[in-house]
Each structure stands twice: as C-alpha cells, then as structure tokens.
Amino acid sequence: MNITNNGKNGAQYHLPDSFIQLLGYMRVYFHLPYRQAEGVVLAHAGNKMPSIPNYSTINRRVNNQYITIDERHEVGNDDDIIIALDSTIIKVANRGEWMRHKRHTKRGYLKIHVAVNIKNKKIISLEVTSAEVNDGKMLKKLIDYASENNSVKGALADGMDDSNTNFRYLPKNHIKPGIKTRSNSKVGPTSCHARNMSVIRQQKISNYRSVA
C-alpha cells in the first residue's frame, strides 16, 4: 500500500501527496487560483495520468498538506544572482508501477524543471513538462522567466544542458555559462566560442586531476 493511503478509510487516493504538494507550492509561487492549477495538470499531463483532479479536489487535498512558504522572500531584487538549473521526475499516480516496468513507459510521471538562486536556495523559476522532455530544451525558458524579476549573471547546469544553442544564448544575454560539457567533447570549428572555452577549461581540470 502506498503511504499516502495508510490509515485512510473509504476510497483510496490515486494521486500521491508529493504531487499535491507540488501543486500547492506552484499555487503560492505563481499566484494560481485552484481552477488554473487544474489547468496546469490538464495542459501538461494529458493522457499520462489515470485521472485528472478537478479544482475542488486540489483545494481539499492541498489544504490537508503541511505546506510552508517564507513570506519574507521577495521574488525580485536588485542584486546580481547566480542560478542553478536541474530537474526531477515526479510520480503523479499511485498505480501503474507494473505497467510502467512491463511496457517501459513513463506514463503517470511528470518532470519538474527548476532554477534556484544558489545564495538563498529559493526557486525563482519552475516549469512542468512531460517526463520525456529533454532538460536542455528548457534552459532558455527557465532563464527568461527568472530574468523578469532578477539580474541573472551566471547559470550552472549539468551535462543535460550541454548544447551550442544554450552556450550561445547565455553570453548573448550577458549570463556567464557554467555548464558541464560531456567528457568526450572536443573543440570544433562549428562549436560556439563559449562552449569551446568550457571544453578547454574542463580538459585542463581533468588533466590536472589525473597527474595529481
């Protein structure tokens, strides 16, 4: 039995608490009414969920969760910030584990892409997609949103965001890239300058470590 339903009488929940908590935080950060929170699920989950919670269900479940937000935090400020980008896959159904392993499908899962201010660990940009969406395709969207109320001066990301498109986008917008390039990357004439320089720096670090 899923821990969400431990001790519950009557009909069992199809949606885990972790997914409900996500909707709760999204409501607060993006000032979403419950009907719009339902719309987010409809837009991104589609047929990937066994059931779509309506706004009244979201309201009831969210209000049963322990969700705390630091109200003193202001989204916008005048300070230059550095952000870190990452993603995680979240289960949106309590059932279907056997089907996922049997058919090798990600049905019942969503991917959460976030940009976090590394200084205060606050989420300043968040996007929800299907689990199949590549992280690298979300970098521009996350940073565009983060830059609306912040002066973003640097972006840290792992190898999933390693692409010439992202390396060109960041310097163009006066943002220093801190993207980990793939281990087999090489300097090439068709690669952008920022990515070539990153490859050179990481090769020097790798060589230094091997000698040490």
**Item:** Within the range 89-110, considering residues that are within 19 Å of residue 137 (Cα to Cα) and either modelled with pLDDT of 85 or more or among the aliphatic types (A, V, I, L, M) (or both), the one least open to solvent (accessible area, probe 1.4 Å)
**Value:** 110
**Request:** Quick one: count up the residues across the range 176-211 that are touching a Phe, Trp or Tyr at 6+ places or on another chain (Cβ under 8 Å) and either open to solvent by 100 Å² or more (accessible area, probe 1.4 Å) or hydrophobic (A, V, I, L, M, F, W, C) (or both).
**Result:** 3
**Complete:** All-but-one check, residue 210 against (1) among the polar types (S, T, N, Q); (2) in a helix (DSSP H, G or I); (3) within 28 Å of residue 116 (Cα to Cα); (4) modelled with pLDDT under 90, failing number (3)
**Item:** Every residue from the range 127-172 that is open to solvent by 60 Å² or more (accessible area, probe 1.4 Å), part of a strand (DSSP E or B) and more than 18 Å from residue 185 (Cβ to Cβ)
**Value:** 153
**Asked** Is it fair to say residue 191 is touching a residue at least 24 places away in the same chain (Cβ under 8 Å) and under 19 Å from the mean Cα position of the chain (by Cα)?
**Response** no
**Asked** Do we find that residue 121 is within 21 Å of the chain's Cα centre (by Cα), free of Cβ contacts under 8 Å to residues at least 12 places away in the same chain and either within 30 Å of residue 109 (Cβ to Cβ) or assigned to a loop (DSSP other than H, G, I, E, B) (or both) in this structure?
**Response** yes
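The values are calculated or read from the model by the stated rules, or taken from the named source; none is laboratory data. What you see is a predicted model; the values in this text were computed from it and never measured. Cβ sites come from the backbone with ideal geometry, for glycine too, and all protein chains shown count toward neighbours. Areas reflect the complete protein model, heavy atoms only, side chains present, ligands, DNA and RNA absent. Shrake-Rupley method; radii C 1.70, N 1.55, O 1.52, S 1.80 Å.
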